[in-house]
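Notes follow the structure.
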Amino acid sequence: MTIDSGLLLTNLRAAGVLLAILVVVNLVVPSRFGWRADLAKLSLLNRQIFQAHTVFLVLVLALSAALLLTSADALLEPSRLSRAILLGLTIFWGLRMGMQWFFYSPVMHIVFSITWIYMTAVFGAAFWRVR
């Protein structure tokens, strides 16, 4: 089965847009969900760990968005590096999908599940193309 590279390129870039949207959403989440009050209840060390992890999560999302928006075409060129990146992204978003179902409450399962399934499918299809 041949996967159209133009369609994959479009979907990799769309995944980049989704990740950029997640960056913006994650900048709003702390104030929207009252993290300041919740974090005040934690010890200083736990608060710092949580804040550092959150900053680096947003940084990873932003850098991944930048990669996809600027270099999606390079990811579709068969190379050891493109295969490693695409396989890693496929595994990452597949595991994120599992977390949605087994870790979080079911309130937003449908919306987030569609997003994580899409991300996993896009990276998996791109990986399949360059393998």
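The values are calculated or read from the model by the stated rules, or taken from the named source; none is laboratory data. Computed from a prediction, not measured in an experiment: that's the story for all the values here. In this analysis, Cβ positions are derived from the backbone assuming ideal geometry, glycine residues included, and neighbour counts consider all displayed protein chains. Note: accessible area is taken over every heavy atom of the protein model, side chains too, but ligands, DNA and RNA are not part of it. Shrake-Rupley method; radii C 1.70, N 1.55, O 1.52, S 1.80 Å.
Key figures for this structure:
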| quantity | calculated |
| --- | --- |
| Options 126, 74, 66, 62: the member that is in contact (Cβ under 8 Å) with a residue 60 or more places away in the chain and touching a helix residue (DSSP H, G or I) at 6+ places or on another chain (Cβ under 8 Å) | 126 |
| Residue count for the stretch 30-44, restricted to those that are part of a helix (DSSP H, G or I) and either open to solvent by less than 90 Å² (accessible area, probe 1.4 Å) or closer than 15 Å to residue 19 by Cα (or both) | 6 |
| Residue check, residue 81 among the aliphatic types (A, V, I, L, M) and within 24 Å of residue 4 (Cβ to Cβ) | yes |
| Residue in the stretch 10-27 that is touching a residue at least 40 places away in the same chain (Cβ under 8 Å), outside any helix (DSSP H, G or I) and under 19 Å from residue 124 (Cβ atoms) present | no |
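Okay, residues lined up against (1) closer than 18 Å to residue 131 by Cα; (2) loosely packed, with under 14 Cβ neighbours inside 10 Å:
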{"position": "27", "(1), (2)": "no, yes"}
{"position": "46", "(1), (2)": "no, yes"}
{"position": "58", "(1), (2)": "no, no"}
{"position": "76", "(1), (2)": "yes, no"}
{"position": "82", "(1), (2)": "yes, no"}
{"position": "102", "(1), (2)": "no, yes"}
{"position": "111", "(1), (2)": "no, yes"}
